[in-house]
Amino acid sequence: MTTVAVKPATMAQALTRAMRDAMAEDPAVHVMGEDVGTLGGVFRVTDGLAKEFGEDRCTDTPLAEAGILGTAVGMAMYGLRPVVEMQFDAFAYPAFEQLISHVSRMRNRTRGAMPLPITIRVPYGGGIGGVEHHSDSSEAYYMATPGLHVVTPATVADAYGLLRAAIASDDPVVFLEPKRLYWSKDSWNPEHPTDVEPIGRAVVRRSGRSATLITYGPSVPVCLEAAEAAREEGWDLEVVDLRSLVPFDDETVSASVRRTGRAVVVHESGGFGGPGGEIAARITERCFHHLEAPVLRVAGFDIPYPPPMLERHHLPGVDRILDAVGRLQWEAES
Amino acid sequence: MTTVAVKPATMAQALTRAMRDAMAEDPAVHVMGEDVGTLGGVFRVTDGLAKEFGEDRCTDTPLAEAGILGTAVGMAMYGLRPVVEMQFDAFAYPAFEQLISHVSRMRNRTRGAMPLPITIRVPYGGGIGGVEHHSDSSEAYYMATPGLHVVTPATVADAYGLLRAAIASDDPVVFLEPKRLYWSKDSWNPEHPTDVEPIGRAVVRRSGRSATLITYGPSVPVCLEAAEAAREEGWDLEVVDLRSLVPFDDETVSASVRRTGRAVVVHESGGFGGPGGEIAARITERCFHHLEAPVLRVAGFDIPYPPPMLERHHLPGVDRILDAVGRLQWEAES
Amino acid sequence: MTVMEQRGAYRPSPPPAWQPRMDPAPLLPDAEPYRVLGTEAAAKADPGLLRRLYAELVRGRRYNAQATALTKQGRLAVYPSTTGQEACEVAAALALQDRDWLFPSYRDTLAAVARGLDPVQALTLLRGDWHTGYDPREHRVAPLCTPLATQLPHAVGLAHAARLKGDDVVALAMVGDGGSSEGDFHEALNFAAVWQAPVVFLVQNNGFAISVPLAKQTAAPSLAHKAVGYGMPGRLVDGNDAAAVHEVLSDAVRHARAGGGPTLIEAITYRIDAHTNADDATRYRGDSEVETWRGHDPIALLEHELTERGLLDEAGKQAARDAAEAMAADLRERMNQDPVLDPMDLFAHVYAEPTPQLREQQAQLRAELDAESEGSHR
Amino acid sequence: MTVMEQRGAYRPSPPPAWQPRMDPAPLLPDAEPYRVLGTEAAAKADPGLLRRLYAELVRGRRYNAQATALTKQGRLAVYPSTTGQEACEVAAALALQDRDWLFPSYRDTLAAVARGLDPVQALTLLRGDWHTGYDPREHRVAPLCTPLATQLPHAVGLAHAARLKGDDVVALAMVGDGGSSEGDFHEALNFAAVWQAPVVFLVQNNGFAISVPLAKQTAAPSLAHKAVGYGMPGRLVDGNDAAAVHEVLSDAVRHARAGGGPTLIEAITYRIDAHTNADDATRYRGDSEVETWRGHDPIALLEHELTERGLLDEAGKQAARDAAEAMAADLRERMNQDPVLDPMDLFAHVYAEPTPQLREQQAQLRAELDAESEGSHR
Ligand SMILES: Cc1ncc(C[n+]2csc(CCOP(=O)(O)OP(=O)(O)O)c2C)c(N)n1
Ligand SMILES: Cc1ncc(C[n+]2csc(CCOP(=O)(O)OP(=O)(O)O)c2C)c(N)n1
Ligand SMILES: [Mg+2]
Ligand SMILES: [Mg+2]
């Protein structure tokens, strides 16, 4: 294969490419969901797949999310590898019973005889001016469901690499796609075939010594921006992109926090009962004697996702992150 | 009213009585669900209500949980106060879309014009030898859903008092009933009309100085037992029964942990992404400088609820709690 | 006697000798969608009603155009148009009495407006300043419902509650062809039939669920055929014939009010515009199909009938257009004003009383806003 | 040509001139449940098949009795009996080819056993040592499914996948009358019809969902009438007539295998025992109803037919009873042995590879068990 120039691509394009490559490699891979065929999905992430692979491989289903996921279970039982699209975060809720009671448990139920290699793509999160039900951060539900992997990319390259890994996984993966990063661009080489990114490894996106920001998905760029802004205040922040909420990369996270002694967890999802509680608790359990301050959380408020005109007040932004960093007890107090 | 002797009653009886009294007081209260009428519920918690109030007030619905909760929403919109029974924890999952997208949000959506005073009774948790899907601890899902109250009694008196409060609440309440405590008995005066227990207040079930066990529902008796056993090891444990997961009683919990300096959160629900993470994180945020050790968690494993013959290995028991207490760094280390 | 007892047992103990509860034949829809305009039935239609429908259709068309224009000006986040479907929208509103309830889907702002709701309030969701811009109790219009088919059980519950309270209130629930595939559709219809709740289900079959044509949505002879499976009558109606839709809906409403139970109505219509302004309909359908349907336009059909019968002249048309323009001008003007928003509203109605946790967050936002207004924040 | 293209468009662009896709009449069930035994159709039934069905019914009845007895001895956590429903259970198993798949509900262990599954393996769920006691691929029996109706979309997906792969495999999915009210029932039938998946839905209408009689479950003329709403044929059959159930199922399986798409079959039967051993049926039904149904017993019906036609004598009956007793004795003996359990299995199959978190928990349990076995633990 000849060398190909590294060209800018959007996260949406990288996701499309990941499905395309997976479908080309493995005839067992089937894409299904509402509007994924002819239309190419409301975010165009499945654009071209029906054309290239036919409607039997990329299928417009009837409008019923439990039915979509439930039939995907049956297809996986027969050896296919369904890649299911839930049109928006909130529209995955009708499929929760199938997800919790079957998708996450079938392997366990059958002592490994019947694994379900299903990838469930869920565009999630806010910041796109969506009306009600189009901006939920539902990762807490998935994290609390043993048997699921929960993965979310923050870069174009990870979008490709992690989606390839998800589709290749013999376990069900809830693949959370940050809606507002769909159109984010990055230099990324779409011809490079080896950049499958193993699931379960966090990555340090920015090294720093003062404190660690632990985050994922849509909040990664916000944290990187905050880290830049923090230099003015004299803080050198490390930013860890979790990439995978389940399995959780305790090693990378703990190593970072042991080094910096201070941590803030940042996510869009509501704080109470959200992922940050788990993350902060884990860090504290593992790094207690290295902590100069309690692990703090910057999260969405504990409210239903607000209407578009108010969402900026809800979303964790640079200021709120810096405020939290400022509260990390830089001068010892008690 | 004449004084009535305090007689032992089961938690199930107290719950029945709470519904009965609420129905007698307020014609707007309607009980509905699968088998709640003629049969009196599979746990007999609604026993006698259909007979006393008629089938229109205590209704056997068709077998469809989203339909049950969805019609309850409509009934509440017309001014009724539905008390919905989900037959078992796992059978509430089909109703999640109605719960998340409507029940929890209708008040907010309508700027307070359309509150939904719905009580959703969910028998939950294990320890009863139930086959698959009959022993889930699903509280993490409810906690992560703003707009819901999440309440769970551990005593017979609280079962009555909290259920009365739930039914009286103008907000939706997910009322989690610990299955294995249904038949637990307690001296309780069913004629006492004033023991409605306000939602949102934790209670110290046992005072102690060495460390605090923070728990709720089915794990409360286990923690009390552990506290007794701990005396042998020289530990004087305090036990806090949360009673309400939402709203969370930070005041009582923090006060206790500030006093003892050590805490273990105990619940049956899976640890990862479970309630304990939130609770531990909150405590750490609020009590960091009072903590002698990280807040530890004793929880169910991060696995699908196991078959009956193996459940004892999964459930947090006295030994596991004492092991955790033992790891609370009684001699300073680093 | 309780409502439950009234029902008459179906086969509480199915005997070895089988007895179906009812003859299914009357529950089945006719083979042809019911039509009034251009048929003999038109002669029986009330001229006043037809004129009223006409004025509302014209106003509705204008409303759709204006709302779509507002999306281009950035005044609406998104708008799902009902151009071509005005007959269903308007008839749904007019078939109800004041005390009845309307349960619209996310597409049905026009039905809400035709029922009397202020268009600005109806569009608040789509403008993005609040989820529901009106008090549902004021006009008995439930919040516009986005999660498909989830409003149907609400309608059933409300109708059932009204009946239990002895009020002769009917609920009319609207849903799309795509929404009929959702489990909630099934559960709602079943509850309605078992409870004999006074509710009418109107499915607007507009040919598509976003890009997905009906052929990929169902293999049924018609969506109205689903009714028999619940034991309620199914009706098929030409959804572009305002007089027919109004008649079929009114009959069903009357039937429900009289204690006859629910009806499922499928109205065959067509979505002339794209799914929303954000959609590109050329990706999944051709112009010729749209053109065919333009030839069956609800306004043209009614206009033709009224003109033929001498019930409408140029002045009448102009009057309808003028009223529509006035509505549009008012809407435009008011939608061009920035809504006044208070960020603290985020916390105002999550619970009856904010939890201690929300009070802390409230204080945090308050402090941030104060700092921001003092210009002191980073 | 793809499977999708084969479908033939319904009305991708519903034209103003309405064309229903198909005549609904052939989709509707007959007014009377189909019967073979005691009718003229019996003469055409294969004697070998009838004898086979008889032996299986007798074995099935014995299996139900034995399993119920095991609950009393504490050897089963719970058992939902199919006494009275054996004809449906057995016919479901026998109507399938080896390569076909069975999707049983939680009640249908007997169908799984009749299909060849080891009874001990079939009962593992209810004994409580593991959720599924068998490898589903071995006998093409999906795990016994407790969340009602959720297995139906699985059957559709599997059948669809098989068809896509070019395998002529049929899936038979079993569900109860109560389960037909769930949203998943609706979604599964709709997907099956739209995809023309080779799947057969068998609803055992046994009169009750726990305590709730059918009259509170549906107001439909029959559950089979639901079929027309999906565009598939609905069939009504006497569920206590093993020959009739077998014939109707076999026809539907053949139809599906030939590419004709799904069928919905309602079998009218009755649950003679309580819901499970834990249930008290006297709370919601009278003895006389049960007695009526005992008079329509599936074994007696078939025995009568076989005896009349000289196909069964006392020796034949005895042979069936002996075989059943042998099965019961073997089941009793093996169920009386304590299963050997390894608590470490808790972690074995949560994921293909345990997560780091699970490895920690595994180590914790391992240490606890070691301490326990050393007697050193508290
Ligand atoms: C439960 C759910 N799933 C998916 C969506 C996303 N969605 C919005 S509109 C739509 C199509 C609806 O089609 P139909 O019911 O025919 O109504 P129409 O848009 O034609 O009025 C979809 C899939 C949703 N709103 N709710
Ligand atoms: C989703 C769900 N809701 C509730 C239950 C609890 N439950 C178990 S069996 C049963 C009744 C089932 O009735 P039916 O479908 O008629 O089957 P049958 O028991 O008569 O075989 C109920 C309500 C369940 N298993 N799954
Ligand atoms: Mg549509
Ligand atoms: Mg039944």
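The numbers here are math on the coordinates, done by the rules we state, and not lab data. Everything numeric in this text was worked out from a predicted model, so none of it was measured. Here the Cβ positions follow ideal geometry from the backbone for every residue, glycine too, while neighbour counts run over all protein chains shown.
Compute the distance in nm between two label points, each set 7 Å from the Cα along the Cα-to-Cβ direction, one at C:ASP338 and one at A:ARG111. Between C:ASP338 and A:ARG111, the simple spin-label model gives 6.7 nm. Starting from the label point of B:PRO27 at 7 Å along Cα→Cβ, the same points in the other copies fall at 6.9 nm, in ascending order. Counting only other chain Cβ atoms within 10 Å of each residue's Cβ, the peptide C:161-167 averages 5. Label point of A:TRP183 (7 Å along Cα→beta-carbon): distances to the other copies' equivalent points are 6.2 nm, sorted ascending.
Per-residue mean of other chain beta-carbon atoms within 10 angstrom of the beta-carbon, peptide A:33-40? The partial results should precede the final answer.
Working: counts 0, 7, 10, 2, 5, 8, 9, 4.
Mean partner shielding for this stretch: 6.
Taking a ≥ b ≥ c as the square roots of the eigenvalues of the Cα gyration tensor, the range A:224-334 is classed as oblate, since a/c reaches at least 1.5 and a/b does not exceed b/c. Principal axis extents of the C-alpha atoms in the range D:228-323 (largest first, rounded to whole Å): 42, 42, 22. Nearest-to-axis residue in chain D, judged by Cβ distance to the rotation axis that brings D onto C and given in whole Å, is D:GLY183, 1. Sequence-distant contacts, meaning Cα pairs under 8 Å at least 6 residues apart, place the relative contact order of chain C at 22 percent.
Report the FRET efficiency, 1/(1 + (r/R0)^6), for D:GLU40 and D:ALA352, where r is their Cβ-Cβ distance and R0 is 41 Å, rounded to 0.05. Don't skip to the end; give the middle numbers.
On the way: r = 57 Å, r/R0 = 1.40.
Here the calculated transfer efficiency is 0.10.
Here the relative contact order of the range B:105-171, from alpha carbon pairs under 8 Å that lie six or more residues apart, stands at 35 percent.
Ranking request for peptides D:125-133, C:46-54: highest mean number of other beta-carbon atoms within 10 Å first, then the rest in descending order. Don't skip to the answer; put the middle values down first.
Details: D:125-133: 23.6, C:46-54: 17.0.
Answer by packing, highest mean first, reads D:125-133, C:46-54.
Cα gyration tensor of the range B:20-98, axes a ≥ b ≥ c as square roots of the eigenvalues: rounded (a/c below 1.5), prolate (a/b > b/c) or oblate? Walk me through the intermediate numbers first.
Numbers: a/c = 2.11, a/b = 1.20, b/c = 1.76.
Because a/c hits 1.5 or more and a/b fails to exceed b/c, the range B:20-98 counts as oblate.
If you take the Cα Rg of the range C:44-96 and divide it by 2.2 N^0.38 Å, with N the number of residues, what do you get? Provide the component values of the computation, followed by the final result.
On the way: Rg = 13.2 Å, N = 53, 2.2 N^0.38 = 9.9 Å.
Rounded to two decimals, the normalised Rg is 1.33.
How big is the protein assembly as shown by the Kirkwood estimate over distinct Cα pairs, in Å? For the protein assembly as shown, inverting the mean 1/r across all distinct Cα pairs yields 32.6 Å. With Cα atoms defining each centre, the range C:78-121 and the range D:161-180 are spaced 41 Å apart in the structure. Enter the Cα centre distance for the pair the range B:249-289 and the range C:261-315, rounded to the nearest angstrom. One Cα centre to the other: 61 Å. Annotation for D:VAL340, label-to-label distances across the other copies: 7.9 nm (shortest first, one decimal, point 7 Å from Cα along Cα→Cβ).
For A:GLU278, what charge total do you get from the other residues with a beta carbon under 15 Å from its beta carbon, if Lys and Arg give +1 and Asp and Glu give -1?
-4
Per-residue mean of foreign Cβ neighbours for A:292-302 is 5 (Cβ atoms of other chains, 10 Å radius).
What per residue convex hull volume, in Å³, comes out for chain D when only alpha-carbon positions are used? It would help to have the intermediate numbers written out before the result.
Numbers: hull volume 69.8 nm³, N = 378.
Dividing the Cα hull volume of chain D by its residue count gives 185 Å³.
Taking max minus min of the alpha-carbon positions on each principal axis, chain A gives extents of 64, 47, 40 Å, largest first. Before anything else, pin down the relative contact order of chain A: Cα pairs under 8 Å, at least 6 apart, normalised by residue count, whole percent. After rounding, I find 16 percent.
Rounded, prolate or oblate: which fits the range A:159-208 when a ≥ b ≥ c are the square roots of the eigenvalues of the alpha-carbon gyration tensor, with rounded for a/c under 1.5 and prolate only if a/b beats b/c? Rounded.
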